[in-house]
Structure formats: C-alpha cells, structure tokens
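Scroll down for the structure; my scribbles are underneath it.
We did not get these values from a lab; they are worked out from the coordinates using the rules stated. Computed from a predicted structure; not experimentally measured. So basically every Cβ, Gly included, is an ideal-geometry build from the backbone, and we count neighbours across all protein chains shown.
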Amino acid sequence: MRIMIINTYYFPEIMGGAEYSVKKLAETLSMVGHTVKVLCTGDNYKQETIDGVDVVRIVPQNICRAIYLDECSKVQKALHKIQEVYNKRNDENLEKEIEKFKPDVIHTNGLYDITPVVWKIAKKKNIRVVHTLRDYYLYCHRVSMSCKKRPDGCSNPLLLCKLRQWFNIIISRNVDVVTAPSKNTLNILLERKFFENAKSKVILNATNFSEDLLEENLSKRLLKLRDGCSFVYLGTLSEQKGIRWLINSFTEFENPDAKLFIAGKGTLEQYVHEASINDSRIHFVGFLNEQDMNALLADMDVVVCPSLWQEPFGRVVLDAYKNAMPVIVSDRGALPELVDDRKTGLVASPDNEKSLINAFAYFCDNIDNLNSFYVNAVDKVRHYSLSRQIEEFIECYKG
C-alpha cells in the first residue's frame, strides 16, 4: 500500500509527543512492507530519507511558519490566522507532491501551515483520507481551547473563531476515517459536529519496547535501595502544562527526603530555575535528549504530569511505564484514561489545591508498596505496542 503521512513537523523538528508518534508510525509501516512518504513543512524545499523513510519538506506559502509565530508582529499573526483557514497558494504545492507520489491513502495529523484543504484535494483525486486528532487545532487556533478573551474555554467563541470552526467543520466532511488516541479528544470534536461523514475510532498511541528491556528495567527497580522518593517532570515548561501548580505544591510538601527533578524547556524556564534556587530539593536539569532522559528516569521513582489543559494523550506516561515507573497525572483530557488509579499511578485534581500534595505524600509514605506499582506499570505498557497500533491503522486505510 502506498501511504502518504502528512504532519506539519517531522524529525529533527520535534515539537512534542505528536512528532514522536508520527515518526514511529511512519517507520513501522515502512518496516512491515508498505511504501511510505512523509510530507511536512520546512524552511526550504527538501527531499531526504530519514531512518528508512522518504521525507519531503515543502515551504508553506504563509506570512510565516507557525514555528516562528512568536517572533511575528500582531499584523503578521492576524494574517497567519486567516491563512490557517484557507491559503490558495498552498494548494499547488500540496497537489504537486500528492500527484508525484500517487498514494492509496493519505493519513493527516498536525495541519498547521498545511491547512485542512489537503482533504479537499485528496477527495478530488478519489484518495482515501484518514485523519488522526493529536490536538484541538481544528476547533481552536490556540489548540488549548482557552485564551485571555475567553477564559471559559471556548463555550462562547469569538466571531473569527466561529467562522474558522464553521469552515473546518464543512471541510472535515471530506475525511473518511477520524481517529484519536483517546475517547476524550475524539468526543470533543465529534460533539461539535466535526467529521460528520467519517467513521470514528480510538487508536491508542504506541511506543516501541522489547520484553527483555522491560524485564531489565523492572528488575533494576525491584532491587533499588530507596532513600526518600524522587519525582520527575518531563516536558514543556508552560502555564498549561501545570508547572506553577507542580512547583507550588511541591514547595508546600514538607518532606525533606523528597526530591523533584524538572527537565524541559519553555516560557517558564526562569521560574523553574528560581524555584530550584529557593528550594534545594528541586533540581532543574534543562532540556534532555532521549538517551539522557532515559538515564534520568532510571534514577527517579515517579513521573508527574500535571497538565491543566485537555491533554490529547500524554506520551510521557508511556515513557514512565516503559521504565517501570508509576505516574501522577491531573484529571484533565485523556490523562485519566491512561492510569489505573492506585495500580499504575494516581490522579490528582487541579481544582483541589491539596490533591497534588496528597499524591506526593502517598508515594513517600508508602515507599515499600512501590514495587507493586512497578510491576503494574510494565504490564500496562504492553497495551501500547506498535504492532497493535499498526494493525488498527491498516484496517482504517483499507476501509
């Protein structure tokens, strides 16, 4: 089968978990014998092969790429919003690459800069379209479904937002199958009348692992001597990721043997750095590559994911399970769907100012029970195998 996977960014441009998911999907489909091409955006037109996958980068015909939007003026940002709805100049580039590859199916993911017009092009060429929701971009250009002008979470959107939503609802009728890695993400869009002509299916995100590595990680943890409990946060340092809630709660948690390690980059780096100076139990280690991240996880006990927005999935939870670690997650978005409460982790509520503190205390006060969490975490990650995910996507591709 000839499969074109479309995502705004692709390795080495990694913005978050979505890019890791798309890369693993493309590589695995290629490994099992399908002809795969990834279409993404870049600063320059480029064709290359990355880890066995053919990749073509097109230059979006926008006022600026979304990746540089923070550096743009207010006028440029306004024009970019309009171009995100429809940009005729993008059509030719997209159609040219689709025509060159002649795919049997187009699998779209993140569409910043590319825009959903690609669905219309595919429909015109009678190409099957599968779309995977990895955020809420179609409904909200800010993705998070919240802004200063509408702190109520888009229950009463601005006029421009309404027009954008209406356009995306109409054009989404060209999609044959819509998938999402969680029920929560899928339902948010379906309840708002997106993808009215499409079949829908939850297909969990996946991660690659070997049974030998899982057993090795588990064995090391079961033999580990513990002196207090170490918590770790991995990800973007931003308001919506719950960094302030995390640090404020840990600061109030009066346990001298507990430690909190924070890895990542973002707008709150200075805030995190200052917190590490003010509290010797907090350690800021900056942005880590995958190898360094796994080395850090090996020394930690519990991963914390305190997101305040409707998290579409939470790939860091899989990273935790793969390393035989339990998690503490917020009750936002898809995160509670990934946790067996008090078996593979705990669910805390941002609406309860003490809930995160109580979660820290639970693990620190029950260190001897961590072994059962380790075992359960390894069992849980087996539900997220790449082979299972590939089978489900191929079913969608075939129809």
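Some observations on this one:
- Karplus 3J(HN,Hα) series, Hz, for the stretch 63-75 with 6.51 cos²θ - 1.76 cosθ + 1.60 (x for Gly, Pro): 4, 6, 6, 4, 5, 10, 4, 5, 8, 8, 6, 4, 5
- Per the Kirkwood formula applied to alpha carbons, the stretch 2-203 shows a radius of gyration over Rh ratio, Rg over Rh, of 0.94.
- Rounded, prolate or oblate (a/c below 1.5 giving rounded, otherwise prolate when a/b exceeds b/c) for the stretch 211-383 by Cα gyration tensor: rounded
- Pairs of Cα atoms nearer than 8 Å and 6+ residues apart set the relative contact order; for the stretch 211-383 it is 25 percent.
- Residue separation of Asp331 and Lys100 scaled by 0.36 nm, minus their Cα-Cα distance, works out to 78.7 nm of gained length.
- Legend: distances between Cα atoms for Lys183/Lys380; Lys162/Lys265; Lys123/Lys398; Lys24/Lys398; pairs beyond 23 Å are Lys162/Lys265.
- Most mobile listed residue (Lys123, Lys100, Lys259) in the chain, GNM with C-alpha springs under 10 Å: Lys100
- Working note: Cα gyration tensor of the chain, eigenvalues times five, square-rooted, sorted largest first, giving semi-axes of 37, 25, 19 Å.
- For the stretch 253-317 versus the stretch 16-66, the gap between their alpha-carbon centres in whole angstrom: 29
- Cα-based reach from Lys88 at 20 Å (exclusive), listing aspartates and glutamates while leaving out same-chain residues under 8 positions away: Asp43, Glu97, Glu99, Asp113
- Under 12 Å from the Cα of Lys201 - aspartates and glutamates, other chains or at least 8 residues apart: Asp176, Glu392, Glu395
- Surrounding net charge for Asp331, when Lys and Arg each add one and Asp and Glu each subtract one, Cβ distance under 13 Å: -3
- GNM top mover of Tyr321, Tyr271, Tyr136 - the chain, alpha-carbon springs below 10 Å: Tyr271
- Helical contribution to [θ] at 222 nm, DSSP H n ≥ 4, -39,500 (n - 2.57), averaged over the chain, rounded to 500: -12000 deg cm²/dmol
- Largest GNM mean-square fluctuation among Ala78, Ala66, Ala275, using the chain with Cα springs under 10 Å: Ala78.
- Rounded to the nearest whole Hz, the Karplus-based 3J(HN,Hα) values (6.51 cos²θ - 1.76 cosθ + 1.60, θ = phi - 60°) of the stretch 122-139 follow the sequence 5, 4, 4, 8, 6, 9, 5, 10, 10, 10, 10, 7, 10, 6, 10, 3, 5, 8, with x at glycine and proline.
- Across the chain, Cα pairs under 8 Å and at least six residues apart give a relative contact order of 13 percent.
- Of all DSSP beta bridges confined to the chain, the antiparallel ones make up roughly 10%.
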